[in-house]
Amino acid sequence: MNGPHDLGGQMGFGPVAPEKDEPYFHAEWEKRALGLTLSSGAFGAWTIDESRHARENIPPAEYLGASYYEIWTRALEVLLERHGFATKAEVDAGHKQIEPATPKRILTADMVAGVLAKGGPCDRPVETEPRFRPGDRVRTRNFNPETHTRLPRYARAKTGVVEAAQGSFVFPDDNAHGKGENPQWVYTVVFDGAEIWGEGADPTLTVSIDAWEGYLERV
Amino acid sequence: MHDDHHHHDHDHDHHHDNRYSDMQARVKALETVLTEKGLIDPKAIDAIVETYETKIGPRNGAHVVAKAWSDPDFAEWLRTDATAAIASLGYTGRQGEHMRAVFNTPDTHNLVVCTLCSCYPWAVLGLPPVWYKAPAYRSRAVIDPRGVLAEFGLTLPETKKIRVWDSTAELRYLVIPERPEGTDGLSEEALADLVSRDAMIGTSVAGPRA
């Protein structure tokens, strides 16, 4: 979707504001928001792709005005309600009102180290050979789905060069919507700055994206 | 779900959803509800926070870089299978499942961004800083990297190529900065002290801490 999250090349946000000796958290609630997001992910009810899409669906004025842990929290509430674990009304009230759905697992303190060390690999084998090879010229598709995609707007309908086939991975455009993992090859595709930004582009700039095979057409 | 969506739109007519005007209260309420339902273990949250405050941070990545500078075989392993090479040092897991190491050279400077969210190699750098997740960096890194670098106090030669890596899939990128001159004979530990978090994102270079 062409949501507020798709920020590459937008203007007007001002300078980057690095903070010297930045702490990991700026408030106690940020710690809890991180932990709640990871703990709820352990329920096994949604994928990382669905959670990203929930964040993208926060309306632009709110997304752009929110800190990242606020974005996470808003999206988490949507996911919890969608999957039957907690309603917004319950959070408004601050107490349990209905019985929740049954999670596949509940993350307890003793599981944390193992779960974090294991992560959630999303490479998956595919039967097909990679369609593109390093050095191939490819054009990214021009589409504007209302659903989840990881092809940023700035990199659509652009011609670049395949640098590497990076393996085969879960296809987020399907997986975010419960349509299955449908893995595809992923390629690193490099574009000249001028191909993306046109007149006035930095002549020393190249930009790469990691693109699922279905995003690409042979030139 | 659809009903919820309509409610949500309706909230927007009021410009801001007041639920989130007090995040401390909102997140506390959320934790209370989930705890009452037996869905979460507050001690697990404590353990997650403690892990990212004390165990997983840029020191991990600096170790990887220092070893790459000291050990050509390790550097080559990083180029060909960064996930395995980094795992050999004990750094694995969440948001580090599929690692790639990208090496700065005299010709090319690498810069990592995630324009679509805030993908970041947690296993080697820990939690991302606020600026990495904020719109200014995510919007400008791909179109005006020199302007961004200048805001970090880094001015590169005009002829140096800049390669920006937008983390649009599940690969996570670690920049291996150039080894500073005059560091021959330093131990891996002393070398790691020269490697900041920002140097491994590409918004800085390696060197003594300013």
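Read-outs throughout are calculated quantities, based only on the coordinates presented, and are distinct from any laboratory measurement. The shown structure was predicted, so the numbers you read here are calculated from the model rather than taken from an experiment. Here the Cβ is made from the backbone with ideal geometry for all residues, glycine too, and neighbour counts use every protein chain on show.
Across q = 0.09, 0.17 Å⁻¹, chain A modelled as identical point scatterers on its alpha-carbon atoms has Debye log10 I(q)/I(0) values of -0.47, -1.36, in the order of the q list.
Summing charges over neighbours of A:Pro203, with a neighbour being any other residue whose Cβ is under 10 Å away from its Cβ, gives -2 when K and R count +1 and D and E count -1. Under a Cβ-Cβ cut-off of 14 Å, what is the net charge of the residues other than A:Trp72 that fall near it, where Lys and Arg count +1 and Asp and Glu count -1? Computed value for this residue: 0.
Contact order for region A:61-111, expressed relative to its length and based on alpha carbon pairs under 8 Å spaced 6+ residues apart, stands at 22 percent.
Mean projection of the Cα convex hull over all viewing directions, computed for region B:57-201: 8.3 nm².
Computed from the Cβ-Cβ distance with R0 of 41 Å, the FRET efficiency linking A:Lys118 to B:Ser21 stands at 0.65.
Considered as an equivalent ellipsoid built on the Cα gyration tensor, the protein assembly as shown has semi-axes of 34, 26, 22 Å, the largest given first. All distinct Cα pairs of region A:28-118 go into the 1/r average, and the inverse of that average, the Kirkwood radius, is 14.0 Å. Less than 12 Å Cβ to Cβ from A:Asp6, Lys/Arg counted +1 and Asp/Glu -1: what total charge do the surrounding residues give? The answer is +4. All alpha carbon pair distances within region A:106-219 were sorted into 10 Å bins beginning at 0; the resulting P(r) in whole percents reads 13, 36, 29, 14, 6, 1.
By the count of other C-beta atoms within 10 Å, a proxy for reagent exposure, A:Val161, A:Val126 are ordered fewest to most as A:Val126, A:Val161. Put in order of Cβ neighbour count within 10 Å, fewest first, the listed residues A:Asp210, A:Asp110, B:Asp17, A:Asp173 become A:Asp110, B:Asp17, A:Asp173, A:Asp210.
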